[in-house]
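Derivation of every value follows stated rules applied to the coordinates shown; laboratory data play no part. Just so it is clear, the model here is predicted, and its values are computed rather than measured. Quick reminder, even Gly has a Cβ in these numbers, built from the backbone with ideal geometry, and neighbours come from all protein chains shown.
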There are 4 protein chains.
Amino acid sequence: MAKIKVGIVGGTGYTGVELLRLLANHPDVVLQVITSRSESGLPVKDLFPNLRDHLNIEFSEPDVSTLKNCDLVFFATPNGIAMKMVPELIEAGVKVIDLAADFRIKDIKVWEQWYGMEHTCPDYVEQAVYGLPEVNREAIRQANLIANPGCYPTAVQLGFLPLIENKLLNTDFLVADCKSGVSGAGRGANVGTLLCESSESFKAYAVPGHRHLPEISQGLDIFNDSANNGNVDLTFVPHLVPMIRGIQATLYGKIGYGKIRHGKINSGSVSLTEIQSLFEQRYANEPFVDVLPAGSHPETRTVKGSNMCRIAVHQPQGSDTIVVLSVIDNLVKGAAGQAVQNMNIAFDLDENAGLNIVPLMP
Amino acid sequence: MAKIKVGIVGGTGYTGVELLRLLANHPDVVLQVITSRSESGLPVKDLFPNLRDHLNIEFSEPDVSTLKNCDLVFFATPNGIAMKMVPELIEAGVKVIDLAADFRIKDIKVWEQWYGMEHTCPDYVEQAVYGLPEVNREAIRQANLIANPGCYPTAVQLGFLPLIENKLLNTDFLVADCKSGVSGAGRGANVGTLLCESSESFKAYAVPGHRHLPEISQGLDIFNDSANNGNVDLTFVPHLVPMIRGIQATLYGKIGYGKIRHGKINSGSVSLTEIQSLFEQRYANEPFVDVLPAGSHPETRTVKGSNMCRIAVHQPQGSDTIVVLSVIDNLVKGAAGQAVQNMNIAFDLDENAGLNIVPLMP
Amino acid sequence: MAKIKVGIVGGTGYTGVELLRLLANHPDVVLQVITSRSESGLPVKDLFPNLRDHLNIEFSEPDVSTLKNCDLVFFATPNGIAMKMVPELIEAGVKVIDLAADFRIKDIKVWEQWYGMEHTCPDYVEQAVYGLPEVNREAIRQANLIANPGCYPTAVQLGFLPLIENKLLNTDFLVADCKSGVSGAGRGANVGTLLCESSESFKAYAVPGHRHLPEISQGLDIFNDSANNGNVDLTFVPHLVPMIRGIQATLYGKIGYGKIRHGKINSGSVSLTEIQSLFEQRYANEPFVDVLPAGSHPETRTVKGSNMCRIAVHQPQGSDTIVVLSVIDNLVKGAAGQAVQNMNIAFDLDENAGLNIVPLMP
Amino acid sequence: MAKIKVGIVGGTGYTGVELLRLLANHPDVVLQVITSRSESGLPVKDLFPNLRDHLNIEFSEPDVSTLKNCDLVFFATPNGIAMKMVPELIEAGVKVIDLAADFRIKDIKVWEQWYGMEHTCPDYVEQAVYGLPEVNREAIRQANLIANPGCYPTAVQLGFLPLIENKLLNTDFLVADCKSGVSGAGRGANVGTLLCESSESFKAYAVPGHRHLPEISQGLDIFNDSANNGNVDLTFVPHLVPMIRGIQATLYGKIGYGKIRHGKINSGSVSLTEIQSLFEQRYANEPFVDVLPAGSHPETRTVKGSNMCRIAVHQPQGSDTIVVLSVIDNLVKGAAGQAVQNMNIAFDLDENAGLNIVPLMP
């Protein structure tokens, strides 16, 4: 089979270089073009010496006419860039995977409120497929435009999915206490993410509201069949962990389906064994979700550099509270790896192609 | 005034060396004896070179008759050691502050279940004062035996205190998602806390049950007047952060007093402004609790090396969920610093003596 | 071609798990047996969860009769273990690569002095080939017993090699100031390598003498043709860096061949351009040595997880002092990766097989 | 005694906040003014929350007329700022301590070459006293203008001082291999010092030439009485360590006084015991230099937050090479602490005032 001709728009950030790492060894891909307005003309390996001996290509000015020669274009750009170029590419028959947030949220008003700009191609939001393979694999297979999920939304949705799909949780008070390595904040020069400011310290941020909240809520509402059952009520608090890579989502919910305030409480009872079994069945055929044995505590380092999401389920002290622990590498399953997984699905390749990586430990 | 003659039992762990750091510069204290079975005869400064030029004393074998010459003995020992020596010291008129857990939990059966041993002096548990000055200052002033609180319990209780005291939270589903630096695990040689195992990673641990749970619950029940209002229902999940010092407790509760399951729901409404004001008033005279301005996100590094607890209150998205962020240095306000604060109170010194430390930042 | 049947003795340390990571994806290898006295019966993936989905094998008791069925046995054991089993394996026609130090030093007396034990099979030391492919590739191809170099010796020798081979340095005062991540100290439970003891700090260690000194000196003497030119005089100081992986060797020497004290000084002059060119030529065909452009400062993270050694050459202020910067991943090119490279050579495979890894950055 | 009225120009960097930490608890100082062009009007504690409860002052616009009311002004500014304001302040009778480099180098041409700008007040360079108390204490006592030494120069000079003063080293090939925590690079927003770029990695930088080289060389030449004995020949290579604070200088020299190339070699012999004793005597009365017992390996963490320099001396393998290990906290003895020490001397205070800090460990 001919190799897939791939372009990357915006390759100088952490999701960009991670995409390069994964594509450099992908057996079915040829990287045709990588753009960067600021670094145009620079060999990629000069910016990212880890790619010496693996990639001989230069950054070039972004140019739609060149990108049209690709079979697939990844956008690893800041929010608001992809939406300006996507329509023309899609019309030209190029598939697009956007690693930013331009096409993730279906409700344009909600998107515009959280992202603080006007959306320039709402029609494309409608046709875009949300690229969470564990939920939308078949749609991804047919999609021309894939909205690659955010990092927190991936970890949180995969952790809550089996519980909410099966209507086991009271959706009135869900908590997602999330922790991310500093690479989630990007490669921009900011005081707050200097080693001297962010190492040897821990903090919450964006407690009043974070852009990933509406994305997660949209997903959970779909799992919950919210048209019939009402919206879920999620409190999402992200934290910054003094490490480079990794996200852990610690998820809390009470057993008992329904909305307390709406009087539909059904406290029912489900054992931890049943829940463990539910998770194992739900993800039995998923190549990148690993349900750990009951009682486990996943460490983010066990997925470092890989596309795996590892999940463990707990019911502390036999109470009616369920705690789910979900870990991913934010740059892989939370960004570039999931994008490659989506590419593999959309181009009918082995879903594991280029992603068969053993996490680096220690 | 004559200086207070102080002894320390078990000075080779992290709470021990931290106690030494604080006492070395304390104006009203003379350190008479520091014991260590394993390091007897070794100058303290040979084990802890940061104390060179600050402390000229050797570790000695633990010996009650020597300790009896002290005015005050700190126990910085593993659980189960203090209870064997405390009665004799108390009878001899020596005050005791136990930094371990032997005297923290009033219900002996609960203690024995969580700590896996028989308690050898239950009577002393009864007379012991729980050394959280923000709650028990007057009792501490009179106490002979002070049970210094655990690290997580300090951060969690100070964060929940004003809300539960004022019956503002539904106590049916409280969540304390806590994160600690690795020093909380002690100075013992364990694979799990090697740099190569615990840096560049994040994990939850002890989700099925952690010894600090009954201690926290006991405290929250008292705030809640549980005899009248029932026990609180707390889910407590500790996590390990790849840094040396610092604890953050992220606390979640729903506004509305009462137990949902008991039908006493009062969803009432309280504004964030009111809650902020409540916290500010509650802690207005506390030298070691700092309520940050509304909208703040405390960082653990802002208390590094100091006895301060910094707290910020949030109500995300204007919902009925309250999020409290509470940070301490686990070795100071969470251990040795609080012990010195308790000593200062018990000996009628300036509560701030020896504790007027500017946190080290960066 | 039939796959190579491989056994590993001692797979629970960091070089062991790294070997497993590399072999798990090696196209020409089947892992038949991995031994561990302490973990016998435990699935490897339970100790190293990064290997879940990549390796289904259990640790077993070390047993020479089982190991004899292998084509190749790696020893990832403490020093002094391999020498007890190697003769029997070699006699049985099994090739052996020892990642420990048992066969690295030709002078048995020197070995016995530095390693503090009697050598049980000096004959095998004689036939062992020192597995530095950049020097001994042809001998490795024929070897039955390969002594895989130490981590510091690899970085130092590759950095000094072109200079000493070409007699450009005064060998009377060579300095190798080396810095290693903490994984070099192994996975044993020691207080000194706890996160709380070794992070946020830097120190030299073993300044009076480190076991890698005789190994490095032996190598440099060979490059120097010491029979004719006398032994080199090297000062080697290792340091501990608060990170997991990576070694940097900063090497210092003065231009001018000969021994100052022996009156053979030839201060000659060589330009940086000539030296740069010399390094580039020397390593032009080496798959795992990357000479950076003049003026570069290699970072250890640019080789994280890969078998590459990156080298840069400097002549500060145009003086007659040459500074060479040499970085490797201590667990890969400094241990397991070099062992796989040696295996590839010894079994006539593509030297790059299983080692085509893009370093993880960030 | 009336308190010393102190001003700080440029208080938003790491040396600035460290100065604030030390002065906040200094018994003899009142902080009158702290300037920052960018943060004028902002309470200091809003930028540096560690100072909440310790400092109630706002940043103000730099203004010489206000600064003239101070007894002492510290400059914690980028290079080139102090020289513009110093003459007017000195004329007004204000003492000045410059923590930047404007007055460190006596040879104006050398300064201008390394710092890339014209010096605007060479006369003041001449009268400035280089603030290394261990060398210039008496001059500091009389000084109006003190050039506070750089961080690397402090660690290196204190390590070489006794050896060169006593003409024990061959000054023809001195090596200072230095390692610094990232705070040495300042609080500016740069990609290179982001946590994701500088943690988990190690590198050399500025090998072709670093501004601290002429400063160190100037000092060593003075120790060496270079007018009679020729200039020392130093190779200085700085490295970046993935930690916040701390510098280690590893210093190498050969026993034997004289310049090899000039034929004045005297290889003489000195024992390690003699050298140890020499160091102990030289620093016996120094409050902030601690000579460790023979065989020690100082860790940078043993001086974290304190003004101490700890030094250990080695003679590896009994050769004629001396290795000196010298550690400081780059922000304290390498910057703000030494500035306070200089202030204490210049104002005839207890040299230890405000500096009696126990290093934070762990």
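If you take the charge dipole of region B:4-127 about its Cα centre, with +1 on Lys and Arg Cβ and -1 on Asp and Glu Cβ, which of B:G16, B:T120, B:S40 is farthest toward its positive end?
The residue sitting farthest along the positive end of the dipole is B:G16.
If you put a point 7 Å past Cα along the Cβ direction, how far is that point for C:N285 from the same point in each other copy, in nm, smallest first?
In nanometres, ordered from closest: 5.2, 6.8, 8.6.
Using just the helices of the protein assembly as shown, give the 222 nm mean residue ellipticity in deg cm²/dmol: DSSP H runs with n ≥ 4 each add -39,500 (n - 2.57), and the total is spread over all residues, rounded to 500.
Roughly -8500 deg cm²/dmol at 222 nm, from the helical runs in the protein assembly as shown.
When the dipole is taken about the Cα centre of region D:24-174, and only Lys, Arg (+1) and Asp, Glu (-1) are charged at their Cβ, what size is it in debye, to the nearest 20?
On the way: 12 positive and 21 negative charges, 53 e Å.
Here the size comes out at about 260 debye.
List every residue whose amide H lies under 5 Å from the amide H of B:G11, counting only residues 5 or more places away in sequence or on a different chain, with H placed 1.01 Å from N in the peptide plane.
Correct list: B:T35.
Which aspartates and glutamates does A:K5 reach when only Cα atoms under 12 Å apart count, and residues fewer than 8 places away in its own chain are ignored?
A:D28, A:D71
Can you compute the radius of gyration and Dmax for region A:152-330, using only the Cα atoms, both in Å?
Looking at region A:152-330, its Cα Rg and Dmax stand at 16.6, 51 Å.
Find how much the distance from A:A2 to A:S269 grows on full extension, using 0.36 nm per residue of separation minus their present alpha carbon separation; answer in nm with one decimal.
Once the chain is fully extended between A:A2 and A:S269, it gains 90.7 nm.
Could you give the dipole magnitude of the protein assembly as shown about its Cα centre, charging the beta-carbon of Lys and Arg +1 and that of Asp and Glu -1, in debye to the nearest 20? Numbers along the way, then the final one.
Values: 116 positive and 156 negative charges, 0 e Å.
Result for the protein assembly as shown is approximately 0 debye, rounded to the nearest 20.
Return P(r) of the protein assembly as shown (all Cα-Cα pairs; 20 Å bins starting at 0; whole %; ordered from short to long distances).
Binned Cα distances yield the sequence 9, 35, 39, 16, 1.
Would you mind classifying region C:23-84 by shape? Square roots of the alpha carbon gyration tensor eigenvalues, ordered a ≥ b ≥ c; an a/c under 1.5 is rounded, otherwise it is prolate if a/b is larger than b/c and oblate if not.
Oblate shape, in that a/c is at least 1.5 and b/c is the bigger or equal ratio.
What number comes out for the charge environment of C:P238, summing +1 per Lys or Arg and -1 per Asp or Glu over other residues with Cβ under 9 Å away?
Net local charge, C:P238 excluded: 0.
Might you report the magnitude of the Cβ-based charge dipole of chain B about its Cα centre, with Lys and Arg at +1 and Asp and Glu at -1, to the nearest 20 debye?
The dipole magnitude comes to about 520 debye.
Can you find, among B:T235, B:P208, B:F279, the residue sitting farthest towards the positive end of the charge dipole of region B:208-329, where Lys and Arg contribute +1 and Asp and Glu -1 at Cβ?
B:P208
Contour minus end-to-end for D:N352 and D:E126, with contour as 0.36 nm per residue of separation and end-to-end as the Cα-Cα distance?
Details: separation 226, 0.36 × 226 = 81.36 nm, distance 2.83 nm.
Here the answer is 78.5 nm.
Given H placed on each backbone N at 1.01 Å, which residues far from B:V29 in sequence or on other chains put an amide H within less than 5 Å of it?
Amide H neighbours of B:V29: B:I4.
Which Cα, out of D:F103, D:N56, D:Q248, lies furthest along the positive dipole direction of chain D (beta carbon charges, K/R +1, D/E -1)?
D:Q248
For helix C:133-142, report the angle its Cα long axis makes with the longest principal axis of the Cα atoms of chain C; keep it between 0 and 90° and round to the nearest 10°.
In chain C, helix C:133-142 runs at an angle near 40 degrees to the longest axis.
Scale the Cα Rg of region B:49-193 by the rule-of-thumb value 2.2 N^0.38 Å and send over the ratio, two decimals. Before the final figure, lay out each step's value.
Details: Rg = 17.6 Å, N = 145, 2.2 N^0.38 = 14.6 Å.
Compared with the compact-globule rule of thumb, region B:49-193 sits at 1.21.
Between C:N56 and C:V30, how many nm apart are label points set 7 Å from Cα along the C-beta direction?
1.4 nm
Taking a label point 7 Å out from Cα toward Cβ, give me the nm distances from C:P43 to the same spot in the other copies, shortest first, one decimal.
4.5, 5.5, 5.7
Between region B:281-335 and region C:292-360, what's the alpha-carbon centroid distance in Å?
Result: 47 Å between the Cα centres.
Are there any GluC sites (Glu not before Pro) in region D:34-125 that are in a DSSP loop and have at most 11 other Cβ atoms within 10 Å? List them by number.
D:E118
Using only the alpha carbon atoms of chain C, find the Kirkwood hydrodynamic radius as the inverse mean reciprocal pair distance, in angstroms to one decimal.
21.0 Å
Determine ³J(HN,Hα), in whole Hz, for all residues of region C:52-58 in sequence, where each value follows from phi through the Karplus function 6.51 cos²θ - 1.76 cosθ + 1.60 and θ = phi - 60°; x replaces Gly and Pro.
After applying 6.51 cos²θ - 1.76 cosθ + 1.60, I find 4, 6, 10, 8, 10, 8, 10 Hz.
Distances from C:V64 to the same residue in each other copy, label points 7 Å out along Cα→Cβ, in nm, shortest first?
Nearest to farthest, the other copies are at 5.8, 7.4, 8.7 nm.
Please compare each pair in A:K45/C:K167; B:K84/B:K304; C:K179/C:K304; B:K179/C:K45 to a cut-off of 23 Å on the Cα-Cα distance and tell me which ones are over it.
Cα-Cα > 23 Å for A:K45/C:K167; B:K84/B:K304; B:K179/C:K45; rest within.
If the cut-off is 14 Å between C-alpha atoms, which aspartates and glutamates fall inside it for D:K68, apart from same-chain ones fewer than 8 positions away?
Excluding near neighbours in sequence, the set is D:E88, D:E91.
Find, among the residues of chain C, the one whose Cβ sits nearest the axis of the rotation taking C to D; state the distance in whole Å.
Result for the axis mapping C onto D: C:D177, 2.
Taking every DSSP beta bridge with both residues inside region A:152-330, roughly what % is antiparallel (nearest 5)?
Bridges in region A:152-330 are about 65 percent antiparallel.
Mind giving me the FRET efficiency for D:D107 and A:V64? R0 is 45 Å, r the Cβ-Cβ distance, nearest 0.05 is fine. List each step's numbers first, then the result.
Numbers: r = 58 Å, r/R0 = 1.28.
For D:D107 and A:V64, the calculated efficiency is 0.20.
With everything on Cα atoms, drop me the angle between helix A:272-282 and the longest principal axis of chain A, reported from 0 to 90° to the nearest 10.
30 degrees
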